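Trainee: Here it is, the structure in full.
The values are calculated or read from the model by the stated rules, or taken from the named source; none is laboratory data. Note that the structure is predicted; figures quoted are calculated from it, not measured. Counting neighbours? That spans all protein chains shown, and the Cβs are built from the backbone with ideal geometry, glycine included.
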Amino acid sequence: MIHPAAPSDSFSHARRIELIVLFGVLTVFTPIAIDMYLPAMPTMAREFGTSISSVEHSLAAYFLGIAIGQAAVGPISDRFGRRWPIMIGLGLYILGAAACALSDGPLALNAARFLQALGGCAGSVLARACVRDLFPPQQAARIFAQMLLILSVSPLFAPFIGGALLPLTGWRSLFWLQAGVALTTLAVTWKLLPESHPGSDRRLHPLHVLKDYWDILKDVRFSRYIIPTTLTGGGLYMFLTGWSHVVIDIYHVPPEYFGFTFVLNGVGLILFSQFAVRWLAHRPAEPLLLAGIAGNAVIGLLALLFGYTGWGGLLGLIPWMFLYCAMIGLINPTSAGLAMHHFGHAAGMASALIGIVFYGGATIASFAMGAVHAVTPLPMTALIAACGILGLGSYLLFRLARPG
């Protein structure tokens, strides 16, 4: 069987490398924008003269921007091509980051973070689409793995960079740095990125798009995996929102050392996701998903126990936070694969909907954590435990209700 030539067949080796690196860079703007300013949140609250909860809401605003942006950017790129939406997204990211650096209070910060997220999600979503457009399936799979490695490594360094710059140049410099990196990437994208998709005559009426999403979401073959995963994953976003307050304000760790309490979670995500890849190569996915969701329910309860009793202080909490976050690296890809199994005819819409639901749940979880004024780790650990229990309970309910 003769396969049609892929656009990448005409690329030189150097051209392939520069495009793969560019696609990898485009995927890291979201994790960098989330993780780099975490150690600065208590400082920002003090400068604004407000509670830490008000600043934590900026994370919820960012997650909301990602959810809405993902819903829109896929259909827009199918209609108009990939190149211009990516560059417009980078432009919005730059404007949002600059507005964050210039913000004078929580409300301005929230609006700027929302704008930054709307732009930032374009790169991560459309970089994958460009790979599918330009490379044949076997090569695309390897490139996705390389991009995932870049995406996984970037959160390990972002909190260290944020914590190191904070006492030297202040929190506003973190957003100027993000804007500068995005501006450089925009220039490189303008020079190097080809148009990989010619566009189409697809209609962009919001009601048609919403109906397509709803048809997938109401299908139990999709929702029975995505809803429990979203509930369990809420614990991760509780952690992201509340951890800097726990570490810096409650346990009085200097911001420049915050990264040391955070880095293991990124390592855990990488290790557990790689374990899932190896498991799924030869074994069924559903037992692995159940083990991950049940494991996080137990881990959440143990975190609650240590948060309530104070056993071990900060060192008593870190192992349970590590395990809960690491388990998400196993749960999310396994769940996504199971949810998309029956939607090969609408893989793009299903993939986008997974991101929308995940980040919609992240918005609610982050807002709930930000609404709590915590003077001990107990509220954060209680909310994480609740997410773990709700995730397991919903999974079991779907399983009991499954026909046959």
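Trainee: Looking only at region 62-69, decide whether some residue is hydroxyl-bearing (Ser, Thr, Tyr) and either more than 16 Å from the chain's Cα centre (by Cα) or at pLDDT below 90 (or both).
Mentor: Filtering region 62-69 down to residues hydroxyl-bearing (Ser, Thr, Tyr) leaves 62.
Narrowing the set further to residues that are either more than 16 Å from the chain's Cα centre (by Cα) or at pLDDT below 90 (or both) leaves none.
No - not one qualifying residue is present in region 62-69.
Trainee: From 317, 305, which residue is surrounded by fewer than 20 Cβ atoms within 10 Å (Cβ to Cβ), at pLDDT 90 or above and in a helix (DSSP H, G or I)? Spell out the reasoning first.
Mentor: On the way: 317 fails: surrounded by fewer than 20 Cβ atoms within 10 Å (Cβ to Cβ).
Unique residue meeting the criteria: 305.
Trainee: Among the residues of region 257-278, is there at least one that is modelled with pLDDT of 85 or more, within 28 Å of residue 378 (Cα to Cα) and over 22 Å from the mean Cα position of the chain (by Cα)?
Mentor: Yes: region 257-278 contains one or more residues that are modelled with pLDDT of 85 or more, within 28 Å of residue 378 (Cα to Cα) and over 22 Å from the mean Cα position of the chain (by Cα).
Trainee: Residues of region 21-31 being within 20 Å of residue 258 (Cα to Cα) and surrounded by fewer than 24 Cβ atoms within 10 Å (Cβ to Cβ), which ones? It would help to see each step written out before you state the result.
Mentor: We begin by selecting, within region 21-31, every residue within 20 Å of residue 258 (Cα to Cα); these are 30-31.
31, the sole residue that qualifies.
Trainee: Would you say residue 112 is part of a helix (DSSP H, G or I), within 28 Å of residue 207 (Cβ to Cβ) and assigned by TED's automatic domain parsing to the domain that holds residue 171? So that I can check it myself, show each step before the final result.
Mentor: Details: part of a helix (DSSP H, G or I): yes; within 28 Å of residue 207 (Cβ to Cβ): no; assigned by TED's automatic domain parsing to the domain that holds residue 171: yes.
So residue 112 does not fit the description; no.
Trainee: On to the next question. Residues that are under 27 Å from residue 400 (Cβ atoms), more than 20 Å from the chain's Cα centre (by Cα) and of a type outside the set (Gly, Ala, Ser): does region 237-254 have at least one?
Mentor: No: zero hits.
Trainee: Next question. Restricting the first residue to region 161-177 and requiring it to be assigned by TED's automatic domain parsing to the domain that holds residue 113, which pairs with a second residue that is hydroxyl-bearing (Ser, Thr, Tyr) meet a Cβ separation below 6 Å and a spacing of at least six or different chains?
Mentor: Sorted first by the residue in region 161-177, then by its partner, the pairs are 162/37; 165/173; 171/43; 174/37.
Trainee: Taking region 382-404 as the region of interest, how many residues are closer than 21 Å to residue 298 by Cβ and more than 21 Å from the chain's Cα centre (by Cα)? Steps first, answer last, please.
Mentor: Narrowing region 382-404 to residues closer than 21 Å to residue 298 by Cβ: 382-400.
Those still in the list that are more than 21 Å from the chain's Cα centre (by Cα) too: 382, 389, 392-400.
So the count comes out to 11.
Trainee: Looking at this structure, is residue 185 part of a helix (DSSP H, G or I), under 21 Å from the mean Cα position of the chain (by Cα), assigned by TED's automatic domain parsing to the domain that holds residue 256 and surrounded by 14 or more Cβ atoms within 10 Å (Cβ to Cβ)?
Mentor: Working: part of a helix (DSSP H, G or I): yes; under 21 Å from the mean Cα position of the chain (by Cα): yes; assigned by TED's automatic domain parsing to the domain that holds residue 256: no; surrounded by 14 or more Cβ atoms within 10 Å (Cβ to Cβ): yes.
So residue 185 does not fit the description; no.
Trainee: Among the numbered criteria (1) touching a residue at least 24 places away in the same chain (Cβ under 8 Å); (2) not in a loop (DSSP other than H, G, I, E, B), which one does residue 207 miss?
Mentor: It is condition (1) that residue 207 fails.
Trainee: Looking only at region 91-109, how many residues end up being of a type in the set (Gly, Ala, Ser) and not in a helix (DSSP H, G or I)? Explain how you work it out, then say what you get.
Mentor: At the first step, the residues of region 91-109 found to be of a type in the set (Gly, Ala, Ser) are 91, 96-99, 101, 103, 105, 108.
Adding the requirement that they be not in a helix (DSSP H, G or I) leaves 103, 105.
Of the residues in region 91-109, 2 are of a type in the set (Gly, Ala, Ser) and not in a helix (DSSP H, G or I).
Trainee: Another question, then. Here are the criteria: (1) hydrophobic (A, V, I, L, M, F, W, C); (2) under 21 Å from residue 156 (Cβ atoms); (3) at pLDDT below 95. Tell me which single one residue 323 does not satisfy.
Mentor: (3)
Trainee: Filter region 163-218 for residues that are over 19 Å from residue 93 (Cα atoms) and among the aromatic types (Phe, Trp, Tyr); which is modelled with the lowest pLDDT?
Mentor: Filtering region 163-218 down to residues over 19 Å from residue 93 (Cα atoms) leaves 163-170, 192, 194-218.
With among the aromatic types (Phe, Trp, Tyr) added as a condition, the list becomes 213-214.
On the way: 213: 85, 214: 90.
The residue in question is 213.
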